[in-house]
Amino acid sequence: MAKKETEGANELATAVEYNYPDIIRSALLKTNRDGVLDLISYMREIGFFEAPASGGNHSFEKGGLAAHSVNVMFCAEKIGVALLGGAAYNEIQESVIIAALLHDLGKCGDYGKQMYIPNMIKDGRPTKANPEQKYKQSEAKPWKRNPDLLPLDHATRSIKLATLFIDLTEEEEFAIRYHDGLYDTANYGVKGHETQLYMILHWADMWASRIIEGESEVEENE
Ligand SMILES: [Fe+2]
Ligand SMILES: [Fe+2]
């Protein structure tokens, strides 16, 4: 995954290799939520474990979405335990796992259409000898939004896809819907209604994408 070596003592940012699909499957299974097995099968079917997490900002390699989701879960756990203490954290642990691992589920797309497709750019110029324009996948931004998929925000799509299989609590739904926080101008509804789970998920997502995965710019608006 696109983790950068960091100056700090953040073990998540080291070159340790995790088996992200296994971590995700076992964490979701541990929640024992009705329908979770079918959800995991569906995640496999729609390419969750191979999808990138962004077009070219953070964790955009194959499997980046799974890696990002695990980073968010680990960060959320640290934030939750640090701020709430172990006993209080245990009470919301299941929701933290669900919210962290599913917050970006919508980045897999829907209706049989992937959200990210290869971003093909011109590869050189045609010549007299080779008049055909060649294309290659951009290295700087390997993926682009699929123009055939209507631009429903990915947080809303995450909720839709998850609830095809499992029930979400009101708090989980709220945290997932608003996980981009006030970085998204459509999210003003969150002001004054910040819950523990929302705050934990939002900052875990920010820490994972900006600090661990080294996002250098704001992700494209949706
Ligand atoms: Fe997201
Ligand atoms: Fe995210």
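Set the Cα radius of gyration of the chain against 2.2 N^0.38 Å, with N its number of residues, and you get 1.07.
Taking every DSSP helix (H) stretch of at least 4 residues in the chain, weighting each as -39,500 (n - 2.57) and dividing the sum by the residue count yields a mean residue ellipticity at 222 nm of -12500 deg cm²/dmol. Measuring nothing but protein heavy atoms, the accessible surface of region 95-143 at 1.4 Å probe radius is 53 percent carbon and sulfur.
Using r as the Cβ-Cβ distance of residue 32 and residue 62, and R0 as 25 Å, what FRET efficiency do you calculate, to the nearest 0.05?
Numbers: r = 30 Å, r/R0 = 1.21.
FRET efficiency, residue 32 to residue 62: 0.25.
One Cα centroid belongs to region 182-214, the other to region 24-48; the line between them spans 24 Å.
What is the angle, in °, between the Cα long axis of helix 20-30 and the longest principal axis of the Cα atoms in the chain? Nearest 10 is fine, range 0 to 90. So the inclination is approximately 30 degrees.
What the chain shows is 53 Å² of accessible area per residue, with the surface traced by a 1.4 Å probe over protein heavy atoms.
The values are calculated or read from the model by the stated rules, or taken from the named source; none is laboratory data. This one's a predicted model, so the numbers in the text were calculated from it and none came from an experiment. Positions of Cβ are backbone-derived with ideal geometry, glycine not excepted, and every protein chain shown enters the neighbour counts. Ligands, DNA and RNA are excluded from the accessible area calculation, which covers all protein heavy atoms including side chains. Shrake-Rupley method; radii C 1.70, N 1.55, O 1.52, S 1.80 Å.
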